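FYI, it's all coordinate maths here, none of it is from the lab. Bear in mind that the values here come from a model prediction, so they are computed numbers and not experimental data. Here Cβ is always computed from backbone atoms with ideal geometry, including for glycine, and neighbour counts include all displayed protein chains.
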Amino acid sequence: SEYQQPALDLAKKIGAQLAITQAALYNTSVVDGPGDGSSNVGGISDATNAKFSETGLEAITNDVLIDNKYRVDEIVWLKELLKSRKSLSEAESSENIQIYTKAVDNDQYQWGFQKVSFEGLDSEIFTVDCSSS
């Protein structure tokens, strides 16, 4: 689709392994646009990549992105992507960013192919089905 393919291409380019990263890139593509402009998924990803250097990266998972010529822990990178989105966000994307941030902060990023429950901003539980049909 118009939004899905750019997100999938970007996830492949950076080596994203976690479903939450791929989902966040897709959500960014839908909400902020699929292009490479500074406020689109490609530009936001580029701005995130620019924040990293060879040192000072703390590993949270074994999933490592190799982009911008540096090895970056995927969750560390995702947290920075969400911060970049938040600084650029309009009201309509703010809740999505907060939900992804809360999921990461609660270590809910090992989805696999299953149903995953999340606590929304209003403490209501909702489920995402990641299983293949």
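Label sites at GLN98 and GLN5, each approximated as a point 7 angstrom past Cα along Cα to Cβ, lie 3.5 nm apart.
Can you give the FRET efficiency to the nearest 0.05 for ARG71 and ILE125, using r as the Cβ-Cβ distance and R₀ = 35 Å? All intermediate terms of the calculation are to be shown ahead of the outcome.
On the way: r = 35 Å, r/R0 = 1.01.
Efficiency, rounded to the nearest 0.05: 0.50.
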